Amino acid sequence: VPRADERVLSVLYSSYDFTGGAYGLYSDSGYSFDTVTGERITLDKLSSDTEALKSFLQSYMLSLYEADEGGYYSERIVEENFLSVPVSEALAALLREGSWYLGDEGMVIFSTVYELGPYAAGICEFIIPYTELAAYIDAKWMPIERSGEGFFSILPQSAIAEGSAQIIDRVTVDAEGEQLC
């Protein structure tokens, strides 16, 4: 749960499948929800000018990559003999549902394994701070300034001892009736 507040609930779902071979395949899916309506927040709902937002995000990711000689991005994005399109097009392709979420520090946009480089390069993340996003996303998605401490977690009901935690709500997540609290 990268963000949970009065405006946004974001969930990052990670999965791993091993079906034989040298290694398994892992992937992430990001989801952000409007805590008032319960609706999923899509790129179209983030901004009144979606095209300007997408253009900004693509430019911002490209600038992070270009300024990163020998660092995080250059280790994960392999142009030569891997990408069949220019880096700018590969980064633009990340602007799709499921490949981003609103975190505590900003918007996180991420690739899948093999999308920008080989398996060993892993998933590549771009964090766009809210200070940079302020001109492009609607104010209602910006985090509220807070003080104090606390935490929020999602656990299987079977992992919670009776009376040990305040359960806010439950959701059934599979056909077998598994519940998360």
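Relative to the Cα centre, the charge distribution of the chain, modelled as +1 at Lys and Arg Cβ and -1 at Asp and Glu Cβ, gives a dipole magnitude of about 260 debye. Annotation: average projected area of the chain is 13.7 square nanometres, based on the convex hull of Cα atoms across all directions.
Would you tally the net charge around residue 140, using a Cβ to Cβ cut-off of less than 13 Å, leaving residue 140 out, and scoring K and R as +1, D and E as -1? Each step should come with its number before you reach the end.
Details: positive: 7, 45; negative: 5, 6, 34, 39, 138.
Charge balance in the 13 Å sphere: -3.
In a DSSP loop and with at most 15 other Cβ atoms within 10 Å, the GluC sites (Glu not before Pro) in the stretch 59-95 are 69, 79, 80. Protein heavy-atom accessible surface, 1.4 Å probe, per residue over the chain: 60 Å². When nucleic acids and ligands are ignored and a 1.4 Å probe is applied, residue 140 ends up with an accessible area of around 110 Å².
The fraction of accessible area contributed by carbon and sulfur in the stretch 1-143 is 51 percent, rounded to a whole number (1.4 Å probe; ligands and nucleic acids excluded). The GluC sites (Glu not before Pro) of the stretch 1-59 that meet both conditions, a loop assignment by DSSP and at most 15 other Cβ atoms within 10 Å of the site Cβ, are 6, 39.
The values are calculated or read from the model by the stated rules, or taken from the named source; none is laboratory data. Since the structure is predicted, the reported quantities are computational estimates derived from the model, not experimental observations. Note: ideal-geometry Cβ built from the backbone for every residue, glycine included; neighbour counts use all protein chains shown. Heads up: the accessible areas ignore ligands, DNA and RNA and are worked out on the full protein's heavy atoms, side chains in. Shrake-Rupley method; radii C 1.70, N 1.55, O 1.52, S 1.80 Å.
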